[in-house]
1. Go through ALA42, ALA102, ALA75 for me and flag whichever is among the aliphatic types (A, V, I, L, M) and free of Cβ contacts under 8 Å to residues at least 12 places away in the same chain.
2. Out of the range 1-26, which residues are open to solvent by 50 Å² or more (accessible area, probe 1.4 Å) and touching a His at 6+ places or on another chain (Cβ under 9 Å)?
3. Taking ALA69 as the residue in question, decide whether it is under 30 Å from PHE5 (Cβ atoms), open to solvent by 20 Å² or more (accessible area, probe 1.4 Å), within 14 Å of the chain's Cα centre (by Cα) and of a type in the set (A, V, I, L, M).
4. For the range 96-141, name all the residues that are in contact with a Pro (Cβ under 9 Å, 6 or more places away or on another chain) and either open to solvent by less than 30 Å² (accessible area, probe 1.4 Å) or more than 30 Å from VAL4 (Cα to Cα) (or both).
5. So in the range 55-66, with the set limited to residues that are among the β-branched types (Val, Ile, Thr) and more than 22 Å from LEU126 (Cβ to Cβ), which one is surrounded by the fewest Cβ atoms within 10 Å (Cβ to Cβ)?
6. Could you list, in sequence order, the residues of the range 72-91 that are open to solvent by 50 Å² or more (accessible area, probe 1.4 Å), in contact with a helix residue (DSSP H, G or I) (Cβ under 8 Å, 6 or more places away or on another chain) and farther than 17 Å from GLY46 by Cβ?
7. Sort out which residues of the range 27-54 are over 16 Å from GLY127 (Cα atoms) and surrounded by 16 or more Cβ atoms within 10 Å (Cβ to Cβ), and write them in order of number.
Amino acid sequence: MGAVFLGLFASVIVSLLYSGLVLATYKDQTLTQAHTIYLVHALVNGAIVGCLVGLVGHRSTGAHIGGAAVAAAGAFFGFTNSIPLIIAESQSPAAIGDMMEADPFIPAKAWWNNEIDGGVDWFSPLGLLLAAAAAWGLAYLIGSRRRQV
């Protein structure tokens, strides 16, 4: 249980850093750069969570699965939390309240939808898969090499 909470704490920190990076650079990003930054964030989030879960959770399969779920959630929320920040910076903080009244799921819809071509943005679920796979894989590798005390 402690391994998953430690992974959650680290995932929140990595996601906040990603949201800040997106906020600082969104005006200058191309679509390719935005996708690359998102996928790198997902891998970094998964790697950090996986390492911590493997070190603390040892061979616990539940901890490995929990770490994968936390890393995937961190990849998702890192992106979706950047949307209200961008709205607040480009319009006003009051615009977040308007967004919440009109459609509170705008960040999740922006994560899922491809606004240029229409349909699904397949980089979004790919990021979840990368984060979960990196977290589970590293937790398994690191945890299986450590002895439980």
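The values are calculated or read from the model by the stated rules, or taken from the named source; none is laboratory data. These numbers come from a predicted model, not from an experiment. Note that each Cβ is placed from the backbone with ideal geometry, even for glycine, and that neighbours are counted across all protein chains shown. The accessibility values were calculated without ligands, DNA or RNA, using every heavy atom of the protein model including side chains. Shrake-Rupley method; radii C 1.70, N 1.55, O 1.52, S 1.80 Å.
1. The match here is ALA102.
2. Once the filter is applied, which keeps residues that are open to solvent by 50 Å² or more (accessible area, probe 1.4 Å) and touching a His at 6+ places or on another chain (Cβ under 9 Å), the range 1-26 yields LEU17, LEU21.
3. The answer is yes for ALA69.
4. Pass one, the range 96-141, residues in contact with a Pro (Cβ under 9 Å, 6 or more places away or on another chain): 96, 99-100, 106-107, 112.
Result: ILE96, MET99, MET100, PRO107.
5. THR61
6. If the condition is that a residue be open to solvent by 50 Å² or more (accessible area, probe 1.4 Å), in contact with a helix residue (DSSP H, G or I) (Cβ under 8 Å, 6 or more places away or on another chain) and farther than 17 Å from GLY46 by Cβ, then ASN81, LEU85, GLU89 are the ones that fit.
7. Hits for the range 27-54 are CYS51, LEU52, VAL53, GLY54.
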